[in-house]
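**Student:** Pasting a structure below so you can have a look.
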Amino acid sequence: MIAIGSDHGGYELKEAIKKHLDEKGIEYKDFGTFSEESVDYPDYALKVAEAVASGQFEKGILLCGTGVGISIAANKVPGVRAANVSDAFSARYSKEHNNANVLCMGGRVVGPGLAAILVDEWLNAEFQGGRHQKRLDKITEIEKKYSK
């Protein structure tokens, strides 16, 4: 199951992605926001990131106006690897090489058709391990160093 959330800038795109997930029969839980009323993106980034980092959800999708702020906030949670993407290559490789467990996009940057492609690329990709695992282990060490 996928944890999904957005601020007001990503709300419309979140609704389009939920429709796409429904059409594919993919289960998700919406952590909000539930309207276009102005809210603070770190609040929704934290909800989804903690749900993924705790293991309650395997993956997350986060959206804000650009995808930048919400990805920065999500990446503050140890164990989260949030990737802000706007092209299919980056979406696929964020999973294959970086094992990204949270996909981020900007509602003011990515349209609903492209967002569906990016979600599919990311969901269908498999982490390749090998030399990439060594690099992820180094990222984990950085998290540990600064989580003290």
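**Student:** Which of the listed residues, Thr140, Cys64, Asn98, is farthest toward the dipole's positive end in the chain, when Lys, Arg count +1 and Asp, Glu count -1 at the beta-carbon?
**Tutor:** Checked the options; the winner is Thr140.
**Student:** Quick check for you: with a 1.4 Å probe and neighbouring chains kept, what is the accessible area per residue of segment 30-99, in Å²?
**Tutor:** On the way: 3280 Å² over 70 residues.
Roughly 47 Å² per residue, with all protein chains present.
**Student:** Would you list which lysines come within 29 Å of Lys145, measuring only between C-alpha atoms, while excluding same-chain residues fewer than 8 positions from it?
**Tutor:** Filter leaves Lys47, Lys59, Lys76, Lys95, Lys134.
**Student:** Moving on to the next point. Please check: in the Gaussian network model of the chain (C-alpha springs, under 10 Å), which one of Lys24, Lys14, Lys47 has the largest mean-square fluctuation.
**Tutor:** Residue with maximal mean-square fluctuation among Lys24, Lys14, Lys47: Lys24.
**Student:** What share of Cα pairs, in percent, lie more than 18 angstrom apart in segment 43-128?
**Tutor:** Roughly 34 percent, once rounded to a whole number.
**Student:** Still on this structure, please answer the following. Could you tell me which chymotrypsin sites (Phe, Trp or Tyr not before Pro) in segment 1-109 are loop residues by DSSP with no more than 14 other beta carbons within 10 angstrom of their beta carbon?
**Tutor:** Phe34
**Student:** Here's something else I'd like to know. At q = 0.11, 0.12, 0.13, 0.14 Å⁻¹, work out log10 I(q)/I(0) for the chain with the Debye formula, treating every Cα as an identical point scatterer and leaving solvent out; two decimals please.
**Tutor:** Those come out to -0.36, -0.43, -0.51, -0.59, one per q.
**Student:** Okay, moving on. What's the ranking of 122-130, 96-104, 138-146 by average number of surrounding C-beta atoms within 10 Å, highest first?
**Tutor:** In descending order of packing, they fall as 96-104, 122-130, 138-146.
**Student:** Return the carbon/sulfur percentage of the accessible area of the chain, one whole number, probe 1.4 Å, all protein chains in place.
**Tutor:** 49 percent
The values are calculated or read from the model by the stated rules, or taken from the named source; none is laboratory data. Not measured: the values here are computed from a predicted model. FYI the Cβ positions are ideal-geometry reconstructions off the backbone, even for glycines, and counts take in every protein chain you see. The area values use the complete protein model at the heavy-atom level, side chains included, leaving out ligands, DNA and RNA. Shrake-Rupley method; radii C 1.70, N 1.55, O 1.52, S 1.80 Å.
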